[in-house]
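Below is one structure, written out as structure tokens; the observations come after it.
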Amino acid sequence: MTSVAVLISGRGTNMETIVKNCKLGKLPANVAFVGSSKKDAEGLVKAKNLGIPTIVLPYDEGKDTAEEKLLEELKKNQVEWVVLAGFMKILSPKVVRSYMNRIVNIHPSLLPSFPGVNAIKQAFEYGVKVTGVTVHLVDEKVDHGPILAQMPVRISPYDTIETLEKKVHRIEHYLYSEVLKELFTRELNKTRRGI
Ligand code: GAR
């Protein structure tokens, strides 16, 4: 079974869906731990309730200390994939290179449009008629790297920021697991074939 770590900073609804899908056998992976950049992240409670070990990354002691802790835990748990699910910190080149092409991120817009924070609000306020969700591998830039999948979300004249957020999150919860299933299944097949 592929060992993964999920990193969060907030509500953790994407993490919750991923963990549940692992538990249901819909995703061939085991979530070794959930790491949070914030000690009071709502998602930490969700992870604990699901019986997943949690770690707070000590960003208040500086980025180097936090990333040292992260790399140590990834190694200790023999983590193969790092799944960013609303993780609002930029990983340094050292971490990205240690897990090259093994860090996945989800972003609530059709990248390269609207990277960074508040992407749903940015798209809504810009007035685009179509926005969406992107899942991509992480490189050294923000919300950047090879795109694995995208799904569009139409913005109707009746949408408010709240209704749009709901539509985008619903797509996120579906799309992330679909993409991860493909990545982890490929991994499992490689292991079986002894590659
Ligand atoms: C999600 O919409 C995710 O795409 C976004 O944070 C939200 C986290 O929600 N990530 C980014 O904006 C990355 N730049 P969640 O904590 O409920 O999963």
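Quick notes
- Selection over the range 147-167 of residues that are more than 10 Å from the ligand (Cβ to nearest atom) and either free of Cβ contacts under 8 Å to residues at least 24 places away in the same chain or of a type in the set (Asp, Glu) (or both) gives a count of 10.
- Among residues of the range 14-30 being within 19 Å of LYS89 (Cβ to Cβ) and out of contact with any Asp or Glu (no Cβ under 8 Å at 6 or more places or on another chain), the one that is surrounded by the fewest Cβ atoms within 10 Å (Cβ to Cβ) is ILE18.
- Scan the range 39-52 for residues that are touching a Gly at 6+ places or on another chain (Cβ under 7 Å) and either open to solvent by 50 Å² or more (accessible area, probe 1.4 Å) or part of a helix (DSSP H, G or I) (or both) and the total you get is 4.
- Candidates in the range 54-72 are the residues that are in contact with a helix residue (DSSP H, G or I) (Cβ under 8 Å, 6 or more places away or on another chain) and part of a loop (DSSP other than H, G, I, E, B); of these, the one that is most open to solvent (accessible area, probe 1.4 Å) is PRO58.
- Matching residues in the range 36-94 - criterion: being among the β-branched types (Val, Ile, Thr) and under 14 Å from the mean Cα position of the chain (by Cα): VAL82, VAL83, ILE90
- Qualifying residues in the range 1-13 (those that are surrounded by fewer than 19 Cβ atoms within 10 Å (Cβ to Cβ) and away from the ligand (no atom under 11 Å from the Cβ)) - the one modelled with the lowest pLDDT: MET1
- All of (1) at negative phi; (2) within 11 Å of the ligand (Cβ to nearest atom) hold for LEU91 with one exception: (2).
- When ARG102, ARG97 are checked against the criterion of being more than 10 Å from the ligand (Cβ to nearest atom) and within 15 Å of the chain's Cα centre (by Cα), a single residue qualifies: ARG102.
The values are calculated or read from the model by the stated rules, or taken from the named source; none is laboratory data. Here the structure is a predicted model, which means the values were calculated and not measured. Note that each Cβ is placed from the backbone with ideal geometry, even for glycine, and that neighbours are counted across all protein chains shown. Accessible surface areas use protein heavy atoms only, side chains included; no ligands, DNA or RNA. Shrake-Rupley method; radii C 1.70, N 1.55, O 1.52, S 1.80 Å.
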